[in-house]
Every structure is written in structure tokens, then in C-alpha cells.
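Have a look at the structure below before the remarks.
Derivation of every value follows stated rules applied to the coordinates shown; laboratory data play no part. Since we're looking at a predicted model, the values are computed, not measured.
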Amino acid sequence: MLDNAGAETAIEAIVVPNMDHFALQGMETDNKHLVENVLRKEVKERCQKLAPFKRVTRLSVQHEELEKTTTKKIKRYLYTGHPKQD
């Protein structure tokens, strides 16, 4: 899919795993590669049911909480590469 400028667009997801959930499932929470592989597999399976232009094409797993404002909103500009607009 191309955007207005003719560049290829991609849907990127940043995932912060809920390690408590993995622990309740009996998985090793110390093994970050295992957790990341499970998440990648799950996202890939769920994206197969979506139209191609809606599928996540890049997945980043971040084990630290995303930075938030005082009102608990994610500071998206820190993760998109676009500067903050006032």
C-alpha cells in the first residue's frame, strides 16, 4: 500500500507483554526470547484474518512500560519518529 507521497506504508505495533499473564500460563517469564516468540506468533495468526492493508507488518516487543503523560496517555511522538507538535 502506498501513501499520498508514493511511499510504502506499514503498520507497526509496539507490544509491552503482560508478564503476569505469562506467569499464570506457566511460562518462563525470565526467557524474553520465548515471550517475544509467543507474541510474534499470536500477532501473525490474528493478522491472517485481516485484509492485507490492515495487517501488522512490523512488531517491536518492549519489556519496559511505554512513557506516559501525567494523565496516563502514551507519549506517541516518542515512538513514531515524528517530533512533538505544540
Open item on the list: Please compute the length gained on full extension between Thr29 and Tyr77, using 0.36 nm multiplied by the number of residues separating them and subtracting their Cα-Cα distance.
Closed with: 14.3 nm
Open item on the list: Starting from a Cα-only point model with no solvent, please compute log10 I(q)/I(0) by Debye for segment 11-80 at q = 0.14, 0.20, 0.29 1/Å.
Closed with: -0.54, -0.95, -1.22
